[in-house]
Amino acid sequence: MGSDHYFSASPSSAENLRRIRVTLGGRSGEVTTAGGVFSPDHVDTGTAVLLANTPPPPPGGHLLDLGCGWGPIALSLAVQSPHATVWAVDVNERALDLVRRNAAEWGVDNINAVLPDDVPDSVRLRSIRSNPPIRVGKHELHGLLERWIPRLDERGEAWLVVRRNLGSDSLQRWLAATFDDGYSVARAATGRGFRVLKVRRRHDAPADPTPA
């Protein structure tokens, strides 16, 4: 991939489109992936652990796949909750194009694949599901979570999967310290070297929470 990263805005590497077979949200089919996006050859282990250890998404409202890649989480959410609005957010334009292509092929019309700034400020999220981009660095990762977790609706939940040896326990401590007013943070599951972390906004969270 050369100097490209999966979090590059416009990968310069060859697109190298490929087809893979997946099962997402209880539905099996083929999707299109490409070079220059995260895990183009299969559903990565972390995402698989997340999907296996989270409850069915809310049936309606706004759901967020943060750092969507080619769309395994977004597609799973859209298939399971056809009446919800799924926001597939990434900075990688190639990834967003793949999500749109895969959503059209799967016949799901409730996915909005957009850049972060294209999610309207008025949107409040019932659920966030994310395999966050740990390798962007701690500062960038923390800024990402400080931006989106406060947009959870009352009793909304964020589910994050992080590899244990890449700092899942320290991230859990940071989340608990940063979102200490009106939120609960817990380890929901462990599997295959990953932790699934759950952040829940309580009913008494500040109206406009400002992380410390």
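The values are calculated or read from the model by the stated rules, or taken from the named source; none is laboratory data. Treat the numbers as computed from the prediction; the structure is a model and nothing was measured. No Cβ is skipped: glycine too gets one built from the backbone with ideal geometry, and neighbour counts run over all protein chains shown. Surface accessibility is based on the protein's heavy atoms, side chains included, excluding ligands, DNA and RNA. Shrake-Rupley method; radii C 1.70, N 1.55, O 1.52, S 1.80 Å.
Listed values, structure above:
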item	result
Any chance Arg100 is out of contact with any helix residue (DSSP H, G or I) (no Cβ under 8 Å at 6 or more places or on another chain), under 17 Å from Gly46 (Cβ atoms) and either open to solvent by 30 Å² or more (accessible area, probe 1.4 Å) or polar (S, T, N, Q) (or both)	no
Inter-residue pairs, beta-carbon under 9 Å, first closer than 20 Å to Val162 by Cβ and open to solvent by 20 Å² or more (accessible area, probe 1.4 Å) and in the range 189-206, second part of a strand (DSSP E or B) and of a type in the set (S, T, N, Q), 6+ apart	Lys198/Ser184; Arg200/Ser184; Arg201/Ser184
Selection within the range 1-29 - modelled with pLDDT of 95 or more and open to solvent by less than 60 Å² (accessible area, probe 1.4 Å)	Arg18, Ile20, Val22, Leu24, Gly25, Gly29
Any pair with Cβ under 7 angstrom, 6 or more apart, that starts in the range 29-47 at a residue that is within 11 Å of Glu15 (Cα to Cα) and ends at one that is among the small types (Gly, Ala, Ser) and crowded, with 22+ Cβ neighbours inside 10 Å	Val37/Gly69; Val37/Ala95
Failed condition for Ala177, given (1) farther than 21 Å from Trp87 by Cβ; (2) surrounded by 13 or more Cβ atoms within 10 Å (Cβ to Cβ); (3) touching a residue at least 24 places away in the same chain (Cβ under 8 Å)	(2)
Residues within the range 30-47 that are under 21 Å from Glu105 (Cβ atoms) and open to solvent by 30 Å² or more (accessible area, probe 1.4 Å), tallied	5
Complete set of residues in the range 115-149 that are open to solvent by 70 Å² or more (accessible area, probe 1.4 Å), within 14 Å of His62 (Cβ to Cβ) and more than 15 Å from the chain's Cα centre (by Cα)	Asp118, Asp121, Ser122, Arg124
Cross-chain or 6+ apart pairs with Cβ under 6 Å, the range 117-141 first and within 19 Å of Ser39 (Cα to Cα), then of a type outside the set (A, V, I, L, M, F, W, C) and open to solvent by 20 Å² or more (accessible area, probe 1.4 Å)	Ser130/Gly67; Pro132/Gly67; Pro133/Gly67
Members of the range 125-180 that are in contact with a strand residue (DSSP E or B) (Cβ under 9 Å, 6 or more places away or on another chain), under 17 Å from Arg201 (Cα atoms) and of a type in the set (Asp, Glu)	Asp153, Glu154, Glu157
Matching residues, the range 151-169, being hydrophobic (A, V, I, L, M, F, W, C), open to solvent by 30 Å² or more (accessible area, probe 1.4 Å) and in contact (Cβ under 8 Å) with a residue 60 or more places away in the chain	none
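The rows are residues; the columns are (1) in contact with a helix residue (DSSP H, G or I) (Cβ under 7 Å, 6 or more places away or on another chain); (2) closer than 26 Å to Pro120 by Cα.
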| position | (1), (2) |
| --- | --- |
| Arg21 | no, no |
| Gly25 | yes, no |
| Val31 | yes, no |
| His42 | no, no |
| Gly46 | no, no |
| Pro57 | yes, yes |
| Gly71 | yes, yes |
| Ala74 | yes, yes |
